[in-house]
Amino acid sequence: MLFGAIFCCVDSALTIAACLSHRSPFVSPIGHRDLADAKKKQMAVSNSDHLTMLEAYKVVCVAIRDGVPSESGVGYAGKNYAQVNFLSDKTLVAMADIKHQFLELLASIGFIHLTHRSRRSGEDKVCQMVAEELNNNNSNNRILAAILCAALYPNVVKVLTPERFFAASVGGAVPREHRSDEMKFKTKLDGYVFLHPSSVNFDQTYFQSPYLVYQEKHKTSKVFIKDSTMVPLLPFILFSGCDLHVELNQGRFVLALDDGWIMVAVESQRVAELLRLIREELIKILAEKIKDPTLDLSTDDRSKKVINTIFYLVTHG
């Protein structure tokens with residue numbers, strides 16, 4: 001939530017925080033689980049269960065805004081959309097209330113200022129209650145994934161792509177696309193784990209980044225990762241908060257995080273040191289803002305430069 005305020009995506013960050021602290025709005029009724037999972041995967045965003053939940057919540061909010069209001073806080077159009085897409089309207093109403101509780105907490109510690117406090121229970125008025133610029137980056141999924149990295153670390157899954165196989169053809173051997181059930185996933189503490197079938201990442205055969213962060217795991221006959229989000233490598237360097245070392249590995253400089261569990265190759269030692277410096281500056285900014293919530297990061301030159309640099313690197317890196 002703090003990073004959501006710093007990187008101007010308050011509304012989206014609070015929605016995700018409400019999901020993390022309460023529960024997913026998606027439901028899987030007995031007898032309809034396959035259809036419910038299929039509906040969820042149709043909405044999939046950026047290899048992320050959390051961003052998919054965010055997108056579903058946003059769409060329902062639009063349906064509520066444009067539909068006929070009701071006493072429950074969810075308009076008829078919104079309730080119909082929720083039911084068709086296996087979303088719990090009660091959870092959506094609870095999420096709106098939790099978002100506003102979090103918003104009040106941010107305001108109480110001086111991180112943000114509210115323009116007003118008038119709302120009904122179940123209504124989502126976050127965007128109307130804060131300055132417009134605090135939501136400029138609400139739709140920047142790269143920034144949101146980076147913030148999720150900060151929120152969920154050290155819950156990290158390493159994606160292990162299977163070896164390439166070749167299939168015979170008239171023209172000779174050609175690479176065969178591997179199947180989703182050939183993908184392997186591993187955590188530092190539990191070893192090999194499995195993505196839950198309800199995850200939008202369950203059927204994926206390719207991930208641009210070899211790392212996912214996750215919210216929780218369940219152990220039955222296997223260890224299942226339920227909700228996960230793919231995170232590019234750069235946010236792990238800047239947002240994970242774990243130990244970081246610059247090493248020379250087989251002639252290449254790498255940034256080693258968490259005792260080498262995460263390894264990121266860089267062009268040179270200078271690039272590695274610059275990334276470490278930027279990370280240290282971000283930690284300082286967060287500490288200063290917590291110590292003095294009245295500090296305006298948008299007018300403080302040093303803070304503004306660091307935040308803008310990180311925003312550019314994460315968005316375009």
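For this structure, a couple of remarks:
- Which numbered condition Val254 misses (of (1) exposed (fewer than 13 other Cβ atoms within 10 Å of the Cβ); (2) in a strand (DSSP E or B); (3) of a type in the set (A, V, I, L, M, F, W, C)): (1)
- Every residue from region 282-317 that is closer than 16 Å to Cys9 by Cα, of a type in the set (S, T, N, Q) and at pLDDT 90 or above: Asn308, Thr315
- Residue match in region 160-182 (condition: of a type in the set (A, V, I, L, M, F, W, C), modelled with pLDDT of 95 or more and under 21 Å from Pro235 (Cβ atoms)): no
- Note on region 107-158: residues that are more than 27 Å from Ser88 (Cβ to Cβ), more than 19 Å from the chain's Cα centre (by Cα) and of a type in the set (A, V, I, L, M) amount to 5.
- Qualifying positions in region 101-128 - part of a helix (DSSP H, G or I), in contact (Cβ under 8 Å) with a residue 40 or more places away in the chain and over 21 Å from Ile64 (Cβ atoms): Leu105, Leu106
- Check on Val60, at pLDDT below 90 and more than 17 Å from Ala107 (Cα to Cα): yes
- Cβ-Cβ under 9 Å pairs, at least 6 apart or on other chains, region 32-55 side on the phi > 0 side of the Ramachandran plot, far side small (Gly, Ala, Ser) and not in a helix (DSSP H, G or I): Asn47/Ser209; Asn47/Ser228
- Taken together, the residues in region 1-38 that are assigned to a loop (DSSP other than H, G, I, E, B) and over 18 Å from Leu87 (Cβ atoms) amount to 4.
- Inclusion of Val271 among residues that are assigned to a helix (DSSP H, G or I), free of Cβ contacts under 8 Å to residues at least 24 places away in the same chain and among the hydrophobic types (A, V, I, L, M, F, W, C) is warranted.
- Selection of first residues in region 185-204 that are within 16 Å of Asp259 (Cβ to Cβ) and not assigned by TED's automatic domain parsing to the domain that holds Asp258 and of second residues that are of a type in the set (Phe, Trp, Tyr) and surrounded by fewer than 20 Cβ atoms within 10 Å (Cβ to Cβ), restricted to Cβ pairs under 6 Å at least 6 apart or on distinct chains, gives the following pairs, ordered by first then second residue: Lys186/Tyr192; Lys188/Trp261.
The values are calculated or read from the model by the stated rules, or taken from the named source; none is laboratory data. Not measured: the values here are computed from a predicted model. Methodologically, a virtual Cβ is constructed for each residue, glycine included, from the backbone with ideal geometry; neighbour enumeration extends over all protein chains shown.
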